[in-house]
1. Go through segment 80-112 and report how many residues are open to solvent by 10 Å² or more (accessible area, probe 1.4 Å), hydrophobic (A, V, I, L, M, F, W, C) and free of Cβ contacts under 8 Å to residues at least 60 places away in the same chain.
2. What's the number of the condition Ser55 fails, among (1) touching a residue at least 40 places away in the same chain (Cβ under 8 Å); (2) of a type in the set (Ser, Thr, Tyr); (3) more than 16 Å from the ligand (Cβ to nearest atom)?
3. Does Phe77 satisfy being of a type in the set (A, V, I, L, M, F, W, C) and in contact (Cβ under 8 Å) with a residue 40 or more places away in the chain?
4. Of all residues being β-branched (Val, Ile, Thr) and within 14 Å of the chain's Cα centre (by Cα) in segment 225-248, which is nearest to the ligand (Cβ to nearest atom)? Just the residue, please.
5. Go through segment 9-38 and give me each residue that's surrounded by fewer than 20 Cβ atoms within 10 Å (Cβ to Cβ) and in contact with a Pro (Cβ under 6 Å, 6 or more places away or on another chain).
6. Go through segment 253-293 and give me each residue that's within 12 Å of the ligand (Cβ to nearest atom) and surrounded by 16 or more Cβ atoms within 10 Å (Cβ to Cβ).
7. Just to confirm my filter: which strands (runs of 3 or more DSSP E) fall fully inside segment 132-214 and include at least 3 residues that are aromatic (Phe, Trp, Tyr) and modelled with pLDDT of 95 or more?
8. Could you check how many residues of segment 193-218 are more than 10 Å from the ligand (Cβ to nearest atom) and in contact with a helix residue (DSSP H, G or I) (Cβ under 9 Å, 6 or more places away or on another chain)?
Amino acid sequence: MAGGEASVERVKDGATGLEKLVLRAAHGCSVEVYLYGGQVIFWENEYREQLLFVSRKASFKPPKAIRGGIQICFPQFGNHGVLEQHGFARNRLWSVDESPPPFPATASNCHIDLILKQSPEVLKIWPHSFEFRLRVALSPTGDLMLTSRIKNTNADGKPFKFRLSYHTYFLVSDISEVRIEGLETLDYLDNLQSEDRRTEQGDAVVFESEVDKVYLSAPPKIVIIDHDKKRTFELRKEGLPDVVLWNPWDMKAKTIPDFAEEEYKRMLCVGAANVEKPITLRPGEEWQGRQEISVVPSSYSSGQWDPEIIHRI
Ligand code: BG6
């Protein structure tokens, strides 16, 4: 386990030539955030274990979004209207925000602020002025926190609507051994059934085939339990009512050029989102939302520690 102070460094990635910011917390946990897409690509715990999935076939060249990490889907989720699938934020170049406004206090002393604004090219497809500020923070214990502030800066008095998702590619040991708790009994939109609205019936969500759903009005905390790895991701959210869930499984995987066929077994996309009801901002108005992820090294069920683990502690 590495010690040392928290640090933030701006470097050019040797393999991809892209600029990235590397955040290191005191105990050796680290995060890499690319300016391209404003995207967290790597997140490592203090044992240097990777926690996010990145496809070995991922493209790091515009206009493709990087297949993995945490994609920022804005101002839309999915493929509606004239905008590209999941919006334009995930394949544009963000900047470092040199003078960010105050953000809500967090447990972190290690963070980076990015900003995305309209450009002449973006204005052609989405005719609005906006400021999208993203703070990526790493707590001393390695929790990863993403906070978004989106402001309407239109000078023409026009409101705009947006949807947003933190499309998070979790790295799992074996998808058939993964369970999600917190989504049971919720209504969801099933993208495999023309966005039909259905109700989750199981005690927990498990995976046996392709899944492409948006759970509506999900609780502020859900857990993703990786039995094989004896690791649980705890995902907390604020300001984002929904949760998106995606795994392409084997057949769909074969149709995705930047995704290797067998990789569906080692990944699961789960992310805080607002999909069902878009948010409307009038000029001058600002919205905030956040997603935090912690990793706990054990099974965890319905808020109760696994007795086996308590015994070991
Ligand atoms: C999911 C969508 O969240 O993202 C799926 O619901 C989509 O329909 C998937 O296939 C991946 O999208 P993309 O654009 O990154 O290939």
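1. If we filter segment 80-112 for residues that are open to solvent by 10 Å² or more (accessible area, probe 1.4 Å), which is where we start, we get 80-86, 90-93, 95-109, 111-112.
Filter again for hydrophobic (A, V, I, L, M, F, W, C), leaving 82-83, 93, 96, 103, 105, 107, 112.
Those still in the list that are free of Cβ contacts under 8 Å to residues at least 60 places away in the same chain too: 82-83, 93, 103, 105, 107.
Adding up the residues that qualify gives 6.
2. Every listed condition holds for Ser55 apart from (3).
3. On the way: of a type in the set (A, V, I, L, M, F, W, C): yes; in contact (Cβ under 8 Å) with a residue 40 or more places away in the chain: yes.
Spelling it out, Phe77 is indeed of a type in the set (A, V, I, L, M, F, W, C) and in contact (Cβ under 8 Å) with a residue 40 or more places away in the chain.
4. Our first condition is that a residue be β-branched (Val, Ile, Thr); within segment 225-248, this holds for 225, 232, 243-244.
Applying the additional criterion that residues be within 14 Å of the chain's Cα centre (by Cα) yields 243-244.
Numbers: Val243: 11, Val244: 5 Å.
Top of the filtered list is Val244.
5. Ala26
6. Of all residues in segment 253-293, those within 12 Å of the ligand (Cβ to nearest atom) come to 253, 255-259, 264, 267-271, 273, 275.
Answer for segment 253-293, where residues must be within 12 Å of the ligand (Cβ to nearest atom) and surrounded by 16 or more Cβ atoms within 10 Å (Cβ to Cβ): Ala253, Phe259, Tyr264, Met267, Leu268, Cys269, Val270, Gly271, Ala273, Val275.
7. On the way: elements: 144-152, 160-171, 178-181, 187-190, 196-199.
Where strands (runs of 3 or more DSSP E) fall fully within segment 132-214 and carry at least 3 residues being aromatic (Phe, Trp, Tyr) and modelled with pLDDT of 95 or more, they are 160-171.
8. 4
The values are calculated or read from the model by the stated rules, or taken from the named source; none is laboratory data. Not measured: the values here are computed from a predicted model. With ideal geometry, Cβ positions are generated from the backbone for all residues, glycine too; neighbour counts draw on all protein chains shown. With ligands, DNA and RNA removed, areas are computed over all heavy atoms of the protein, side chains included. Shrake-Rupley method; radii C 1.70, N 1.55, O 1.52, S 1.80 Å.
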